[in-house]
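Asks: One structure is given below, represented as structure tokens, and several questions about it will come after.
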Amino acid sequence: MRPLRRSSGHLASLGCFLFFLLLPLLSRGADMPVGSTLSPSNSATWTSPNNTFSLGFTASASSPSLFVAAISYAGGVPVWSAGAGAAVDLGGSLRLSSNGDLQLVNGSGAVLWSSNTGGQNVSAAAVQESGNLVLKDSRGATLWQSFDHPTDTVVMSQNFTSGMNLTSGSYVFSVDKGTGNLTLRWTSAATTVTYFNKGYNTSFTGNRTLSAPTLTMQTNGIVSLTDGTLTSPVVVAYSSNYGESGDMMRFVRLDEDGNFRAYSAARGSNAATEQWSAVADQCQVFGYCGNMGVCSYNGTAPVCGCPSQNFQLTDPSKPRGGCTRKVDLNSCPGNSTMLQLDNTQFLTYPPEITTEQFFVGITACRLNCLSGSSCVASTALSDGSGLCFLKVSNFVSGYQSAALPSTSFVKVCSPPLPNPVLGSTAGANSRGGSGVRAWVVAVVVLGVVSGLVLCEWALWWFLCRHSPKYGPASAQYALLDYGMVLLETVSGRRNFDVSEETGRKKFSVWAYEEYERGNLAGIVDRRLPAEDLDMAQVERALQVSFWCIQEQPAQRPSMGKVVQMLEGVMEFERPPPPKSSDSFLSTTTATSGVSSSLVSTVVSSGPRSRPRHRRTWSRRWRWAAPSRPGTVNACRGSCCHRSRT
């Protein structure tokens with residue numbers, strides 16, 4: 001009998017060995033009964049029937065020695081995590097306890113997160129093909145699901161309702177119940193700041209109160225909003241690749257930088273591609289650079305710095321961690337001063353705007369902050385609003401750009417130590433690589449400017465022949481023409497081309513979106529040999545063109561600065577997006593009956609009618625003052641002026 005017992009022992013050992021060997025395979029697409037456990041110490045996962053999604057432990061992005069229990073798309077893109085990213089050590093686990101409670105447990109035994117389903121007759125857990133983790137009873141009825149408890153991501157077929165939140169660090173995303181607006185907030189223990197609150201289709205939602213708006217990412221790449229009061233889904237945003245098919249997952253996510261974006265990820269890829277973002281200007285995200293940090297742009301990427309050399313990074317290894325004063329204000333009573341920061345704004349959003357906004361001039365804006373013991377910084381707007389913001393909150397977020405019409409002041413202990421002005425890149429590169437070659441600049445600038453001059457003279461001749469009221473062409477609109485011609489020169493396409501390739505958008509708008517994504521090669525004329533292209537020169541030329549076609553004339557550089565920008569002897573900020581509207585491009589002159597694409601406003605009097613006794617303007621040309629008795633308007637040289645009869 002001994003051999004028999006020995007044989008039975010071997011069989012038992014072999015059975016146990018095979019059970020543990022096959023355990024990862026048995027979990028594929030199968031329901032996991034109570035008592036099932038996942039651990040970082042092995043590679044076991046719970047997967048959906050077709051292995052599209054899996055639940056398992058992955059290394060924490062912030063600390064590789066810790067692990068996060070996450071649902072990931074095939075390839076490794078995470079879409080949900082237990083405890084909103086709570087991390088455990090190597091001895092931790094995710095377990096479906098005997099009473100039906102799904103728990104994330106640390107190596108010490110401490111429960112970091114729980115589904116709170118103990119005692120509710122949960123019998124099994126399963127990962128569905130949609131990416132939804134469900135807890136079921138013995139009849140298969142869903143008692144709890146991860147789709148009802150999203151972390152930072154919403155995937156296809158998942159409904160995100162107005163009562164839910166996405167969270168990522170200090171940021172929270174939600175859908176406003178009454179308006180359907182997408183809302184982004186920065187939160188701390190002391191306050192909450194709403195820095196984005198926008199409705200994308202107010203023509204559908206603006207005149208009604210919604211009951212239960214729901215945000216959805218459709219399989220075709222359209223982010224839509226549904227509600228019981230709406231007859232059909234309302235489009236919130238189109239992904240750049242909407243309508244494209246393929247084995248891919250689409251999703252929207254609240255990223256750790258406080259922006260809400262749409263993505264797509266191909267099956268088997270561990271990376272996702274951005275297709276749309278809610279906040280077009282990342283530096284407008286409150287708190288992006290931390291307390292007293294200032295956001296600006298280095299090319300196309302946002303970078304963080306401190307207001308002046310009176311500050312230092314709180315953590316040099318974390319540039320977005322904010323700044324602290326080298327000498328605290330309490331250490332210099334009566335010896336503080338206000339350091340001026342040009343083209344800088346300290347962001348002010350609700351609810352702070354109700355207590356920090358005042359109507360005073362720039363000098364009073366500076367002095368009032370200097371004399372106020374709780375004020376740490378101020379911003380005076382120069383956009384005609386007369387607004388001043390006195391920053392008395394505990395958290396201050398800054399934004400610096402050459403396009404910002406504002407001047408800010410920050411309170412520091414004397415002496416004030418402004419940041420050094422960025423030097424020219426010409427010396428470092430010695431006409432080498434980063435700037436466009438001098439002869440290229442000369443040819444492009446002289447050629448385009450000469451063409452514009454000839455164009456302006458031709459227009460002057462035509463308009464002065466047909467109306468004695470036209471005056472000189474505006475130099476700012478010559479810059480607009482130059483920017484358009486420069487963009488067309490680089491791309492080989494007309495600025496107003498609209499095609500399927502551009503997503504039915506005007507080419508300049510599409511080109512800027514591609515530039516923001518870093519797809520410079522997609523903008524450049526395909527007929528140019530790739531080996532002859534200097535992409536640094538291409539990027540600089542595109543940046544200059546986008547600055548020149550800004551809708552607001554005050555934001556456009558002078559032609560002298562354009563030359564310096566192209567040569568690389570002048571640094572400049574990332575251009576803001578050009579507007580997509582072109583209302584100044586399509587009118588018909590009533591005085592001559594000739595269709596023109598250059599004049600947007602006309603006086604509808606006939607060529608022989610009596611002049612109107614008021615001063616009238618158009619966006620493109622300036623009307624001369626109305627004639628007084630005894631005078632006539634005559635065109636001489638390059639302008640129209642009055643002369644005695």
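The values are calculated or read from the model by the stated rules, or taken from the named source; none is laboratory data. These figures come from a predicted structure and were not determined experimentally. Neighbour counts are summed over all protein chains in view; Cβ atoms, including those assigned to glycine, are modelled from backbone coordinates with ideal geometry.
Asks: Name every residue in segment 286-316 that is touching a Pro at 6+ places or on another chain (Cβ under 9 Å), assigned to a loop (DSSP other than H, G, I, E, B) and more than 17 Å from ASP342 (Cα to Cα), in order of residue number.
Replies: If the condition is that a residue be touching a Pro at 6+ places or on another chain (Cβ under 9 Å), assigned to a loop (DSSP other than H, G, I, E, B) and more than 17 Å from ASP342 (Cα to Cα), then TYR288, CYS289, GLY290 are the ones that fit.
Asks: Going through segment 222-241 one residue at a time, which ones are assigned to a loop (DSSP other than H, G, I, E, B), of a type outside the set (Asp, Glu) and within 20 Å of GLY180 (Cβ to Cβ)?
Replies: Within segment 222-241, GLY228, THR229, LEU230, THR231, SER232, PRO233, SER239 qualify.
Asks: Shifting gears a bit: Which of the residues spanning segment 242-266 are outside any strand (DSSP E or B) and at pLDDT 95 or above?
Replies: Across segment 242-266, the qualifying residues are ASP255, GLU256, ASP257, GLY258, ASN259.
Asks: Now a separate question. What are the residues in segment 305-335 that are free of Cβ contacts under 8 Å to residues at least 24 places away in the same chain and touching a Phe, Trp or Tyr at 6+ places or on another chain (Cβ under 8 Å), if any?
Replies: Hit for segment 305-335 is LYS326, nothing else.
Asks: Condition check: over 13 Å from the mean Cα position of the chain (by Cα), of a type in the set (Lys, Arg) and on the phi < 0 side of the Ramachandran plot. Does ARG261 satisfy that?
Replies: no
Asks: Also, I was wondering about something else. Among the residues of segment 182-190, is any among the hydrophobic types (A, V, I, L, M, F, W, C), modelled with pLDDT under 95 and part of a loop (DSSP other than H, G, I, E, B)?
Replies: The answer is yes, given that some residue of segment 182-190 is among the hydrophobic types (A, V, I, L, M, F, W, C), modelled with pLDDT under 95 and part of a loop (DSSP other than H, G, I, E, B).
Asks: Residue under question is ARG504, and the condition is that it be within 25 Å of LEU480 (Cβ to Cβ), outside the structural domain of GLY299 (by TED's automatic domain parsing) and either at pLDDT below 85 or not in a loop (DSSP other than H, G, I, E, B) (or both); does it hold?
Replies: So ARG504 fits the description; yes.
Asks: Can you pull out the residues in segment 234-262 that are touching an Asp or Glu at 6+ places or on another chain (Cβ under 9 Å), surrounded by fewer than 22 Cβ atoms within 10 Å (Cβ to Cβ) and not charged (D, E, K, R)?
Replies: VAL234, SER240, listed by residue number.
Asks: Tally time: how many residues in segment 206-225 are within 27 Å of the chain's Cα centre (by Cα), surrounded by fewer than 17 Cβ atoms within 10 Å (Cβ to Cβ) and not small (Gly, Ala, Ser)?
Replies: 3
Asks: Here is a follow-up. Residues in segment 503-560 that are among the aliphatic types (A, V, I, L, M) and within 12 Å of PRO578 (Cβ to Cβ): how many?
Replies: Matching residues across segment 503-560 total 4.
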